[in-house]
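Here the structure is laid out as structure tokens; the discussion comes afterwards.
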Amino acid sequence: MTHPADSPRLGSSQKRRIAVITLAAAALFVVVRLLPTGTNLSHMDFRVQGANVIEFCDPANPQFLPVVAVKSPVTLTVAAAGPARAGADVAATLTLTTFSGKPIAPQDLLLVQTRRIHLLITDPSLEDYQHVHPDPGARPGQWRFRFRPRFGGMYRFFADFTPVATNRGLYAEAEMAVDGPPSPVAAGSQAASWEARQGGYVFTLSPGSLPIRAGVPASLRLAIRRVAGGPVPLSPVMGAFAHLVAFDARRSGFAHIHPNGEAVTRHPDPARPQFTFRLAIPSPGRYVIWSEVNLGGSETFAPFWFDVSP
């Protein structure tokens, strides 16, 4: 039986141990907070007050983002080093800063899908889509890239990136004029189709159900086969074997979608590779989804036009 006189002594010992553990934990917390993260930007650098401000995106729940209509907490500009002409290589510089003007440098961004910035480029017809990855420029906040526009017109650039300070996806957009004849096709006038042929391959995008409705998450399955038969030589691109990027006909926004589950890392069946995706589109209208895969060492893009019902 424990003597009553021993109880206070036992309680004091427990209190001393708790105090030591608490002080050690507090010291560890302070040390961790003082460790350098590599970035001089904080979470508040990516916050803008007011209505109609773009929200951070959860990559586990991809959705269509109306980037043009909302205010972004970052500023994006694009400038060509010389005249930008259709059919010719264009060297350009992307400048990325916070809303207050602080440069966003490589150490300020996380590697996502093997890259710090994904730059999605489209012409007004959405017949020309390109996906490039800018490299750090001469000054903090500057990023260099090259692309070859197929047509003339006002090209739009959507930047997809994740700040270290927030660990959540963020977006911005800019435009640049390209000289030359425009595409003969108007955006949205393309025939709706869930099948496309590119470079000797047939791409089929199959919705889980039709029609696709605004605000209702849709399941999509991408299948690829070789016209002449035989295995499909797929290689990873940006850490996965397939990607989808969706735009509306007005180019008001986009969705960058990665395959579900093991399709990201597990090598698909070479005879008939298939990938599943999930996407929510908030508004009805005409849309295009571009698939992107690496076939035999060459990145290949295929478009699918479709309608979203109310």
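The values are calculated or read from the model by the stated rules, or taken from the named source; none is laboratory data. Keep in mind it's a predicted model, so treat the numbers as computed, not measured. Positions of Cβ are backbone-derived with ideal geometry, glycine not excepted, and every protein chain shown enters the neighbour counts.
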Exercise. Run down Ala27, Ala81 and say which single residue is surrounded by 10 or more Cβ atoms within 10 Å (Cβ to Cβ), more than 22 Å from the chain's Cα centre (by Cα), modelled with pLDDT of 80 or more and at negative phi.
Key: Ala81
Quiz item: Which residue, of Ile104, Ile117, is in contact (Cβ under 8 Å) with a residue 24 or more places away in the chain, closer than 16 Å to Val245 by Cα and in contact with a strand residue (DSSP E or B) (Cβ under 8 Å, 6 or more places away or on another chain)?
Solution: Ile117
Quiz item: In the stretch 282-308, which residues are hydroxyl-bearing (Ser, Thr, Tyr) and either in a loop (DSSP other than H, G, I, E, B) or not assigned by TED's automatic domain parsing to the domain that holds Pro217 (or both)?
Solution: Ser283
Quiz item: What tally of residues in the stretch 276-291 results from selecting those that are buried (at least 18 other Cβ atoms within 10 Å of the Cβ) and more than 15 Å from Trp194 (Cα to Cα)?
Solution: 2
Quiz item: Listed residues Val202, Val132; which is hydrophobic (A, V, I, L, M, F, W, C), surrounded by fewer than 20 Cβ atoms within 10 Å (Cβ to Cβ), farther than 15 Å from Leu76 by Cα and assigned by TED's automatic domain parsing to the domain that holds Pro233?
Solution: Val202
Exercise. For the stretch 184-214, name all the residues that are basic (Lys, Arg) and either in contact with a Ser or Thr (Cβ under 6 Å, 6 or more places away or on another chain) or closer than 18 Å to Phe64 by Cβ (or both).
Key: Arg213
